[in-house]
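Asks: Below you will find the structure I want to go over with you.
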Amino acid sequence: MTSITKATENDFQSIVDIGKVVVGEAHKNAAPVDDMKDYLQRNYNDAAIKEELSDPNNIYHIIYYDSQPVGFSKIIFDAPHPNIVAENVTMLDRIYLLKEFSGLKLGMQLLNFNLALAKDYGQEGIWLYTWVGNERAINFYQKAGFTIIGSHHFYVTPAYYNVNHQMYLPITASH
Ligand SMILES: CC(C)(COP(=O)(O)OP(=O)(O)OC[C@H]1O[C@@H](n2cnc3c(N)ncnc32)[C@H](O)[C@@H]1OP(=O)(O)O)[C@@H](O)C(=O)NCCC(=O)NCCS
């Protein structure tokens with residue numbers, strides 16, 4: 001039994017706990033160990049996530065499986081990008097699911113939920129960055145209809161970047 005709810009500042013702990021584990025696992029070959037450790041420490045601590053949740057532009061949701069928080073997503077409406085003609089587009093900034101619960105279509109459920117939200121908000125498309133080595137995520141996004149439209153240097157730390165694909169999905173009547 002799954003449910004998806006909008007995250008509030010009270011949910012910071014679930015996001016920190018899931019993020020620290022899943023982001024680290026998915027990107028363990030994406031950067032030198034110390035750079036990734038630094039990235040996780042800076043971005044997935046209580047204060048950083050509380051600050052994220054206090055910004056109304058950051059729309060976080062948590063997906064529960066049998067009442068257990070097992071993943072989360074973050075979107076930002078009206079996040080235009082020079083590679084995309086449409087201005088009213090949404091950025092999918094984060095989508096992470098605990099490994100034990102991957103492959104159950106929970107990720108697709110969470111993605112579709114966010115697509116429906118963006119559509120209701122009048123957005124014309126949704127875009128994201130994903131590390132070029134993250135094959136599972138690339139497959140996942142392609143399955144959902146995203147295509148690669150560009151390349152991006154993602155700074156893991158101020159001194160280290162890795163190459164990301166930029167992917168885009170126009171939102172259509174069938175979403
Ligand atoms: C990427 C992620 C969100 C996908 O969610 P999920 O619940 O595991 O995926 P789903 O069960 O919804 O699968 C949907 C599709 O994704 C693809 N996919 C899922 N797991 C896959 C795997 N291990 N290998 C290849 N493709 C995979 C498949 O196309 C699948 O469709 P199919 O089963 O009909 O072939 C999730 O696995 C995750 O959080 N991974 C780690 C963190 C991460 O990389 N996040 C994205 C950062 S950009």
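Asks: What residue, among those in segment 1-31 that are touching a Leu at 6+ places or on another chain (Cβ under 8 Å) and of a type in the set (S, T, Y), is nearest to N134 (Cα to Cα)?
Replies: T2
Rundown of residues vs (1) within 17 Å of T5 (Cα to Cα); (2) open to solvent by 70 Å² or more (accessible area, probe 1.4 Å); (3) away from the ligand (no atom under 11 Å from the Cβ), yes/no style:
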| position | (1), (2), (3) |
| --- | --- |
| F72 | yes, no, no |
| P82 | no, yes, yes |
| D93 | no, no, no |
| G107 | yes, no, no |
| K143 | no, yes, no |
| I149 | no, no, yes |
| H152 | no, no, yes |
| A159 | no, yes, yes |
| A173 | no, yes, yes |
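Asks: Are there any pairs, at least 6 apart or on different chains, whose C-beta atoms fall under 9 Å, with the first in segment 1-30 and open to solvent by 30 Å² or more (accessible area, probe 1.4 Å) and the second acidic (D, E), and if so, which?
Replies: Close Cβ pairs (under 9 Å, with a partner that is acidic (D, E)) amount to M1/D66; T2/D66; T5/D11; F12/D46; F12/E52; Q13/D46.
Asks: I want to confirm something. Restricting to segment 126-141 and keeping residues that are among the β-branched types (V, I, T) and within 9 Å of the ligand (Cβ to nearest atom), which single residue is farthest from N57 (Cα to Cα)?
Replies: I138
Asks: Can you name every one of the helices (runs of 4 or more DSSP H) wholly within segment 1-112 that holds 3 or more residues which are farther than 23 Å from H152 by Cβ?
Replies: Qualifying helices (runs of 4 or more DSSP H): 12-26, 46-54.
Asks: Here's something else I'd like to know. I'm told S67 meets every condition in (1) more than 27 Å from K119 (Cβ to Cβ); (2) surrounded by 16 or more Cβ atoms within 10 Å (Cβ to Cβ) except one. Can you identify the failing condition by its number?
Replies: Failed condition: (2).
Asks: Quick test of your reading of the structure: I75 fulfils all but one of (1) over 25 Å from L169 (Cβ atoms); (2) out of contact with any Phe, Trp or Tyr (no Cβ under 7 Å at 6 or more places or on another chain). Name the failing condition by number.
Replies: Of everything listed in (1) over 25 Å from L169 (Cβ atoms); (2) out of contact with any Phe, Trp or Tyr (no Cβ under 7 Å at 6 or more places or on another chain), I75 misses just condition (1).
Asks: State whether the residues of segment 118-125 include one that is near the ligand (Cβ under 8 Å from one of its atoms) and crowded, with 19+ Cβ neighbours inside 10 Å.
Replies: no
Asks: Also, I was wondering about something else. For segment 95-105, which residues satisfy the criterion of being more than 6 Å from the ligand (Cβ to nearest atom) and among the aliphatic types (A, V, I, L, M)?
Replies: L98
Asks: Does segment 31-47 hold any residues that are touching a residue at least 24 places away in the same chain (Cβ under 8 Å) and either out of contact with any Lys or Arg (no Cβ under 8 Å at 6 or more places or on another chain) or within 18 Å of S73 (Cβ to Cβ) (or both), and which are they?
Replies: A31, P32, D35, D38, Y39, N43, Y44, N45, D46
The values are calculated or read from the model by the stated rules, or taken from the named source; none is laboratory data. Remember, predicted model here, so these are calculated numbers, not experimental data. Heads up, the Cβs are rebuilt from the backbone with ideal geometry, glycines too, and the neighbour counts pull from every protein chain shown. For accessibility, only protein heavy atoms count, side chains too; no ligands or nucleic acids. Shrake-Rupley method; radii C 1.70, N 1.55, O 1.52, S 1.80 Å.
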